[in-house]
1. Picking from Gly265, Gly232, Gly215, which residue would you name as being of a type in the set (Gly, Ala, Ser), open to solvent by 10 Å² or more (accessible area, probe 1.4 Å), out of contact with any Cys (no Cβ under 8 Å at 6 or more places or on another chain) and on the phi > 0 side of the Ramachandran plot?
2. Tell me, which residue of the stretch 316-343 that is among the acidic types (Asp, Glu) and not in a loop (DSSP other than H, G, I, E, B) is nearest to Gly66 (Cα to Cα)?
3. For the stretch 106-193, which fully contained helices (runs of 4 or more DSSP H) count at least 3 residues that are open to solvent by less than 40 Å² (accessible area, probe 1.4 Å) and not small (Gly, Ala, Ser)?
4. Give the stretch 41-82 a look and list any residue that's open to solvent by 40 Å² or more (accessible area, probe 1.4 Å) and among the polar types (S, T, N, Q), or say none.
5. Under 8 Å between Cβ atoms, at least 6 apart or on separate chains: pull out the pairs that start in the stretch 100-124 with a residue that is more than 30 Å from Pro175 (Cβ to Cβ) and end on any residue that is assigned to a strand (DSSP E or B) and among the β-branched types (Val, Ile, Thr).
6. Any residue at all in the stretch 130-145 that's more than 20 Å from Ile227 (Cβ to Cβ) and under 18 Å from the mean Cα position of the chain (by Cα)?
7. So which helices (runs of 4 or more DSSP H) stay within the stretch 345-455 end to end and still have 3 or more residues that are under 22 Å from Gln228 (Cα atoms) and of a type in the set (Val, Ile, Thr)?
8. Leu410 - would you say it is under 14 Å from Leu445 (Cα atoms), crowded, with 16+ Cβ neighbours inside 10 Å and out of contact with any Asp or Glu (no Cβ under 6 Å at 6 or more places or on another chain)?
Amino acid sequence: MSNSQTLKWQSLSNDHHLAPFSDFKQLKAQGPRIITHGKGVYIWDSEGNKILDGMAGLWCVAIGYGRDELADAASKQMKELAFYNTFFMTAHPPVLELAKAIADLAPAHMNHVFFTGSGSEGNDTVLRMVRHYWALKGKKDKKVIIGRVNGYHGSTVAGASLGGMSGMHEQGDLPIPGIVHIAQPYWFGEGGDMTPEAFGIWAAEQLELKILEVGEDNVAAFIAEPIQGAGGVIIPPASYWPKIKEVLARYDILFVADEVICGFGRTGEWFGSDYYDLKPDLMTIAKGLTSGYIPMGGVIVSDKVVEVLNEGGDFNHGFTYSGHPVAAAVALENLRILREEEILEKVRAQTGPYLQQRLSELSDHPLVGEVRGVGMLGAIELVKDKQTRERFKDKGVGMICRGHCFNNGLIMRAVGDTMIISPPLVISKEEIDELVSKARLCLDLTLAELEANVA
């Protein structure tokens, strides 16, 4: 039963708000759940329900909700300098200090940052920057960027084009020209009879085949997430990234690691590129940079690329809020907390392994075909047949499970029939126990509903 205040807010939603990635008709019929406050790993809705946020908002609330330090950092900076741009040969202390702080955490060969307002804007910047880089080197034909099917790089025109989400491409006549895609390293969903090792090599070889098809002289870059997030927490087979590195070493193209989800501790390392020992030329960042407390993104750029850009005159690209001083102050405080509270070390040595151990126990459930994860990322594959990996057809099992989760105090996200989690990095072992216990309950409820519908 919704209270009067909830109904009032839902009415405002119906009358005035267009929500992202939503079926507007369905949302208007059902009304949104109104989230009112958060603390630690929990959020509360307007009906007073306490919910364990197994998705850290949208992969981003790394240090948890309700940290006064970030609010205080924003307030202090607003009082001192609420805004100034970084155009026209100006800068301000927070953005310069943040660029240095990020460079100190990034791989040793990456020492410069171009700031944006989001990961989507960061990937728009990537497209502009890599094409500008090759043009400056006298290779204007090197424009094509290779992405992956089911990869996600944002929802702006360039970001959605770089990504390989068919549902996004169907709206707006995407991708734009000059972007092509190769197979994703999704063994559980697409590996067939191949072993994970063989499939990982096959998927990596698709990059070389695409480079040869398009022509090395036409290919500017390959962009990929170390671990695909929105695609379903797709963790490549162990053979994949070593083979990709072999391919990249043979060709003169740039490698872009989209670290929007993996960056700032999600894998237990500062970046997914550290976890897999990758050496990207550019890295897109956002989300965990500020723990989602305020919008900010960017691109970390290698010394090799910066050396060329430095000789190229104006780079005619940027955003009003590039390096916003308040966002920079919040990011600096967020990074301080991650460092001084040794949050990554705890994820790497304690809570990350514990989460993966507890999640793996769900493998015995009749609905579960695979459980996989790294650090504070996890995926649970829901199947009809555990041996053949056969899916349920037209049942919407993932959304059924998601509904039971929401109604039982847990947020897990459904990507098709894959349930995914990405809790705040500060989640405790006791809270992990609660998460897994609630996940099992919701799997049971989902199975019971499926069986009842058959009966």
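1. Details: Gly265 fails: open to solvent by 10 Å² or more (accessible area, probe 1.4 Å); Gly232 fails: open to solvent by 10 Å² or more (accessible area, probe 1.4 Å).
None of the others qualify; the one that does is Gly215.
2. Just the residues of the stretch 316-343 that are among the acidic types (Asp, Glu), to begin with: 333, 340-342.
Filter once more, keeping what is not in a loop (DSSP other than H, G, I, E, B): 333, 340.
Details: Glu333: 14, Glu340: 18 Å.
Result: Glu333.
3. Ranges flagged: 119-136.
4. First, the residues of the stretch 41-82 that are open to solvent by 40 Å² or more (accessible area, probe 1.4 Å): 44, 47-50, 58, 65, 67-69, 71-72, 75-76, 78-82.
Residues satisfying the conditions are Asn49, Ser75.
5. Ala103/Val113; Ala103/Ile300
6. no
7. Details: elements: 352-360, 397-407, 429-454.
Here the list is empty.
8. Working: under 14 Å from Leu445 (Cα atoms): yes; crowded, with 16+ Cβ neighbours inside 10 Å: yes; out of contact with any Asp or Glu (no Cβ under 6 Å at 6 or more places or on another chain): yes.
In short, yes.
The values are calculated or read from the model by the stated rules, or taken from the named source; none is laboratory data. On a predicted model such as this, the values are computed, not experimentally measured, just so you know. Neighbour counts run over all protein chains shown; Cβ positions are idealised from the backbone, glycine included. Surface accessibility is based on the protein's heavy atoms, side chains included, excluding ligands, DNA and RNA. Shrake-Rupley method; radii C 1.70, N 1.55, O 1.52, S 1.80 Å.
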